[in-house]
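Student: Handing you a structure now.
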Amino acid sequence: MATKRAREIPPTVDDILHYSRIVMLNDPFKEIAPKEEDRHFRALFGCSPDVSLILWYKLLRNDLVPDKGTILHMLWTLMHCKIYPKWTTMKKLTSADPKTLRHWIGLFRDSIALLECSVIRWSKRKKGD
């Protein structure tokens with residue numbers, strides 16, 4: 001991966017929620033009830049905002065964030081993995097060009113896959129963890 005300019009302030013759960021509101025085509029600055037927002041987030045991305053932030057930090061720590069990749073691109077990837085829609089549906093959901101979506105989702109999917117050994121605990125995978 002290419003060297004990246006370090007972000008001055010590390011991202012927080014609020015940053016994750018801000019970008020998720022953009023993906024959900026909501027006003028990114030308008031907060032909704034936390035339980036409702038968490039439920040919507042999990043339904044669309046397949047995990048909690050906290051888990052997605054941990055994923056972002058794991059990608060950063062292992063230098064797996066694609067060059068010019070953003071949290072928004074990672075959220076597109078999580079959404080695609082969760083609902084696995086056709087590209088035209090992804091375009092409608094994200095207002096992004098299918099070529100752009102394929103590019104970023106492919107890069108982030110491959111990066112996330114490289115984390116498998118550090119994320120999946122094979123001995124615990126069927127014990128409700």
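Student: When region 54-73 is examined, which residues are found to be charged (D, E, K, R) and surrounded by 13 or more Cβ atoms within 10 Å (Cβ to Cβ)?
Tutor: Correct list: 58 only.
Student: Tell me yes or no: at least one residue of region 18-36 is part of a helix (DSSP H, G or I), touching a Pro at 6+ places or on another chain (Cβ under 9 Å) and within 16 Å of residue 112 (Cα to Cα).
Tutor: No - not one qualifying residue is present in region 18-36.
Student: Here is a further query. So how many residues does region 22-53 have that are of a type in the set (Gly, Ala, Ser), more than 19 Å from residue 84 (Cβ to Cβ) and surrounded by 16 or more Cβ atoms within 10 Å (Cβ to Cβ)?
Tutor: Total satisfying the criteria: 0.
Student: Scan region 78-107 for residues that are hydroxyl-bearing (Ser, Thr, Tyr) and under 16 Å from the mean Cα position of the chain (by Cα) and jot them down.
Tutor: 84, 94, 100
Student: How about region 52-66: which of its residues are in contact with a Phe, Trp or Tyr (Cβ under 9 Å, 6 or more places away or on another chain) and either assigned to a helix (DSSP H, G or I) or among the aromatic types (Phe, Trp, Tyr) (or both)?
Tutor: 52, 59
Student: Another question, if that's okay. Suppose we filter region 11-35 for residues that are in contact (Cβ under 8 Å) with a residue 24 or more places away in the chain and either of a type in the set (A, V, I, L, M, F, W, C) or closer than 18 Å to residue 58 by Cβ (or both); how many remain?
Tutor: Qualifying residue count, region 11-35: 10.
Since every read-out is calculated from the coordinates, none of them should be taken as a lab result. Worth saying up front: this structure is predicted, and the values here are computed from it rather than measured. With ideal geometry, Cβ positions are generated from the backbone for all residues, glycine too; neighbour counts draw on all protein chains shown.
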